[in-house]
Amino acid sequence: MRTTVAAFDVGGTNSRLRGGRAGEPEYGEWKVRTADFPSLGDLVTAALGEAGLRPEAVVLAVAGRVPAHGNVQLTNLPHWPLFERDAFAAEHGIRLRVVNDMTATAHGMADLAPHEVRPLTRHDAASHADELLAVSVGSGVGSALLDGHGEVRTSESGHVTWQPVDDVEAGYLAFLRSGSGGSGGLAGVVTVEEAIGGLRGFDRMYDYVCRATPPAPGLHAGVTEARRTGAAVAPLITAAALAGDPCAREAVRLFAALFGQYLRGVVLVCMPAGGVVTLTSGVLQAPGVAEFLCAETAFLDRFISPGACHHDLLAEVPVRLALDPLVGVRGAYRLATRDALAEKQAP
């Protein structure tokens, strides 16, 4: 009998579960609302129970630095208690592996077929490359590199700082530090994730641009209701930008400039010899958003930075969009299956 396995991709808004038997093509998939649970352990226990799964092996992909002992504090859910891997595994009688969510995304990215990606630059982004960089802007911001040997190197790149390069961005940094958005100031270091991440970044960018460009009544009502219910505002803002709302377009242009600058830095650090960049996450995968970034904003200009050192390298790096919104849980399930089969084959 094949080993039953389960894999989770735990997001700040929604979490995905995929379960089945290792080595068999069929699997089931479930989605739960992350905020409905007071801890990671409660989410995993409830989701497995609801799905009717009793796996022998589980992989959890989470946002946060995962130490060797596997105990993890999720960065996008700081109110959750520390998750203690070995204690949870012993309580439930399972083999449990905890990985960074970008590790899972990178493994899922390796399985993408040519029809599951869309080139965003003039290069053939589906061509072979030894180095593949996965970059995600969801509830948080992160990246992971899949090298030519199939090994994944993760980072906490979303927590680096960023540099304002014009008056609008300088004003946004001052806005964040002052707490003008009503959430308290961000003293000291202000990270990329705090500035543009989907959990709070889009709220902050929206509040900032509203000071100079008032939103349309429909957008304002939608954002107000989303905040009341705890829903994400990013989908409302990106949809309004595509529909032509001036306030939303300014917010997305600010996002695009900072994101392009961040992506440039990550590529220069991780792929000095070149490679392929794949963008993932719901913010970027919403219909038309990636194309809007490339055609209507400074995203690619900030990424390449013509005239800056190594702009020639960046101009040749293909950037593509992953079309599968479940690439994270896909990669986590791939790891769970691989681990289970290796366990069964071990002497």
Which residue, Thr278, Thr75, Thr224, tops the fluctuation ranking in a GNM of the chain built on C-alpha contacts under 10 Å? Thr224
Give me the one-decimal nm value for the distance between modelled label points at Thr213 and Glu151, 7 Å along each residue's Cα-to-Cβ direction. 4.6 nm
Mind giving me the nanometre distance, one decimal, between the label points for Ala286 and Ser178, set 7 Å out from Cα along Cα→Cβ? 2.7 nm
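Can you send over the carbon and sulfur percentage of the accessible area for the range 86-153, probe radius 1.4 Å, protein chains only?
On the way: 1400 of 3040 Å².
Answer for the range 86-153: carbon and sulfur cover 46 percent of the accessible area.
Would you mind computing the Rg to Rh ratio of the chain from its alpha-carbon coordinates, Kirkwood style for Rh? Kindly include the intermediate steps, with their values, before the conclusion.
Working: Rg = 20.3 Å, Rh = 20.9 Å.
Ratio of gyration radius to Kirkwood radius for the chain: 0.97.
When N is the residue count of the range 64-207, what does its C-alpha Rg come to as a fraction of 2.2 N^0.38 Å?
Numbers: Rg = 18.5 Å, N = 144, 2.2 N^0.38 = 14.5 Å.
This ratio for the range 64-207 stands at 1.27.
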Over the chain, what is the mean sequence separation of C-alpha contacts under 8 Å (at least six apart), divided by residue count, expressed as relative contact order in percent? 22 percent
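Using a probe radius of 1.4 Å on heavy atoms only, what accessible surface per residue do you get for the chain? Whole Å² is fine.
Values: 15380 Å² over 347 residues.
Ligands and nucleic acids excluded, the result is 44 Å² per residue.
Explain nothing, just the number: dipole magnitude of the range 1-125 about its Cα centre with +1 on each Lys and Arg Cβ and -1 on each Asp and Glu Cβ, in debye rounded to the nearest 20.
Values: 13 positive and 15 negative charges, 32 e Å.
About 160 debye.
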If you find the alpha carbon centre of the range 12-28 and of the range 76-128, how far apart are they in angstrom? 12 Å
Sequence of Leu82, Leu268 when ordered by accessible area, the most exposed leading, probe 1.4 angstrom: Leu82, Leu268
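Using R₀ = 35 Å, calculate the FRET efficiency as 1/(1 + (r/R₀)^6) where r is the Cβ-Cβ separation of Arg118 and Glu343; round to 0.05. List each step's numbers first, then the result.
Values: r = 37 Å, r/R0 = 1.05.
Efficiency at R0 = 35 Å is approximately 0.40.
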Please give the length that would be gained between Glu24 and Gln163 if that part of the chain were fully extended, namely 0.36 nm times their separation in residues minus their C-alpha to C-alpha distance (nm, one decimal). 45.2 nm
Geometric extent, Cα atoms of the range 1-88 - Rg, Dmax (angstrom): 13.0, 40
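The values are calculated or read from the model by the stated rules, or taken from the named source; none is laboratory data. All values derive from a computational prediction rather than experimental measurement. Cβ: placed from backbone, ideal geometry, glycine included. Neighbour counts: every protein chain shown. These area figures cover heavy atoms from the full protein model, side chains too; ligands, DNA and RNA do not enter into them. Shrake-Rupley method; radii C 1.70, N 1.55, O 1.52, S 1.80 Å.
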